[in-house]
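Enquirer: Before I ask anything, here is the structure I am working with.
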Amino acid sequence: MATNLVRKGFDTTVYNRTAAKAEPVVAAGARLASSLREAVEDASVVFLCLPATGDVEAALFGPTGMASGLAAGTVVVDTSTIDPVASRGFAERLAAQDVMMLDAPVSGGQKGAVDGTLTCMVGGPDEALAIARPFLAAIATTIVHIGGHGAGQVAKACNQLCVSANLAGASEAMALAMKMGVDPSRVREALLGGAARSVVLERHVQKLLDRDFRPGFRTALIAKDLSIAAKALNDAGVFAPVSAAVMQVIKALAASGRQDDDWSSVGALVQQLSGVQESDAAQP
């Protein structure tokens, strides 16, 4: 995402808690800051992308956080997936110093991040989005203003619920095909031509069939995202039996030692618990 900002011609300074991870962006033309506060000096727009709610709070308001170095009128764009209630609180704290904030979580996976074709779900004021939109257009092809502060995070929780249920169902479908002696790749090909077509079938099920569990999106992260969604569902009083079941499956996946594997490995867990052997599938 940061590399795409550089490629689009934006004057970009970057900071990472692990400096080596910033090297590809620096090689593309960004400047490397030695601290968060140095990174935001003279910035008009600041992007955050961090794993969890506590990380965002520390980056903004911790002892070495950036908040004290943000000039009035700056727009902070948080592309992390975090708790929507906490996100609203962060925006209110920044507003007290005349800094605007957008919660702008993204969807599209590693490929979308590399290609600059992410979907961005935005919560926050119109004025802030007007300033940030040209920057967001460098990383995303779909930018939807969902509503006020926290609305983008709510939309991301909805996204994670949908794709997780989809992947769990697709994993069971592939296990069924294999258990019945049918080639799962042919089943996938057929499903892609009908109403079951989805990004999950296109990308994640192919990773499952290829046994390619190199992390594009780690199991630990989807587990974190679903815990955020679970809290929101509970707080809102939503009847959610499907989501509850999927959350247990993802917890089991993490507990099985696959927390650092790509989350498509949930299909491998389903196959393991179903007693499926790769040789069960018919060969073309």
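The values are calculated or read from the model by the stated rules, or taken from the named source; none is laboratory data. Every value quoted in this text rests on a predicted model; they were computed, and no experiment measured them. In this analysis, Cβ positions are derived from the backbone assuming ideal geometry, glycine residues included, and neighbour counts consider all displayed protein chains.
Enquirer: Identify, from the list SER87, SER107, the residue that is closer than 20 Å to ALA2 by Cα, touching a residue at least 24 places away in the same chain (Cβ under 8 Å) and among the small types (Gly, Ala, Ser).
Expert: Just one listed residue meets the conditions, SER107.
Enquirer: For segment 43-64, state whether one or more residues are closer than 25 Å to VAL6 by Cβ, outside any loop (DSSP other than H, G, I, E, B), at pLDDT 95 or above and small (Gly, Ala, Ser).
Expert: Taking segment 43-64 and keeping what is closer than 25 Å to VAL6 by Cβ, we get 43-51, 55-56, 59-60, 64.
Now restrict to residues that are outside any loop (DSSP other than H, G, I, E, B): 45-48, 55-56, 59-60.
From what's left, at pLDDT 95 or above: 45-48, 55-56, 59-60.
Retained after the next criterion (residues that are small (Gly, Ala, Ser)): 59.
Yes, segment 43-64 contains a residue that is closer than 25 Å to VAL6 by Cβ, outside any loop (DSSP other than H, G, I, E, B), at pLDDT 95 or above and small (Gly, Ala, Ser).
Enquirer: Considering only segment 176-190, I want to know if a residue exists there that is under 30 Å from GLY54 (Cα atoms) and at pLDDT 95 or above.
Expert: Checking segment 176-190: not a single residue is under 30 Å from GLY54 (Cα atoms) and at pLDDT 95 or above.
Table: residues versus (1) among the acidic types (Asp, Glu); (2) more than 21 Å from the chain's Cα centre (by Cα).
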position: GLU57; (1), (2): yes, no
position: SER68; (1), (2): no, yes
position: GLY73; (1), (2): no, yes
position: VAL76; (1), (2): no, no
position: THR79; (1), (2): no, no
position: ALA86; (1), (2): no, no
position: LEU118; (1), (2): no, no
position: GLU127; (1), (2): yes, yes
position: ARG133; (1), (2): no, no
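Enquirer: Take residues that are more than 19 Å from GLY169 (Cβ to Cβ), assigned by TED's automatic domain parsing to the domain that holds ALA165 and touching a helix residue (DSSP H, G or I) at 6+ places or on another chain (Cβ under 7 Å) and tell me which of the helices (runs of 4 or more DSSP H) falling wholly in segment 201-284 contain 3 or more.
Expert: 219-236
Enquirer: Scan segment 116-130 residue by residue and report those that are over 16 Å from GLN160 (Cβ atoms), among the small types (Gly, Ala, Ser) and either crowded, with 20+ Cβ neighbours inside 10 Å or in contact (Cβ under 8 Å) with a residue 12 or more places away in the chain (or both). Even if it seems obvious, please write down each step before you answer.
Expert: First, pick out the residues of segment 116-130 that are over 16 Å from GLN160 (Cβ atoms): 116-117, 122, 124-130.
Filter once more, so that each one left must be among the small types (Gly, Ala, Ser): 116, 124, 128, 130.
Of everything in segment 116-130, those that are over 16 Å from GLN160 (Cβ atoms), among the small types (Gly, Ala, Ser) and either crowded, with 20+ Cβ neighbours inside 10 Å or in contact (Cβ under 8 Å) with a residue 12 or more places away in the chain (or both) turn out to be GLY116, GLY124, ALA128.
Enquirer: Here's something else I'd like to know. Across segment 244-266, which residue is nearest to the chain's Cα centre (by Cα) among those that are surrounded by fewer than 20 Cβ atoms within 10 Å (Cβ to Cβ) and among the polar types (S, T, N, Q)?
Expert: Ranking the qualifying residues of segment 244-266, first place goes to GLN259.
Enquirer: Also, I was wondering about something else. Check ALA113 against each of (1) within 29 Å of MET247 (Cβ to Cβ); (2) surrounded by 18 or more Cβ atoms within 10 Å (Cβ to Cβ); (3) free of Cβ contacts under 8 Å to residues at least 40 places away in the same chain and name the one condition it does not meet.
Expert: Here ALA113 clears every test but (3).
Enquirer: Sticking with this structure for a sec: Tell me, which residue of segment 65-94 that is part of a helix (DSSP H, G or I) and not small (Gly, Ala, Ser) is surrounded by the fewest Cβ atoms within 10 Å (Cβ to Cβ)?
Expert: Result: GLU92.
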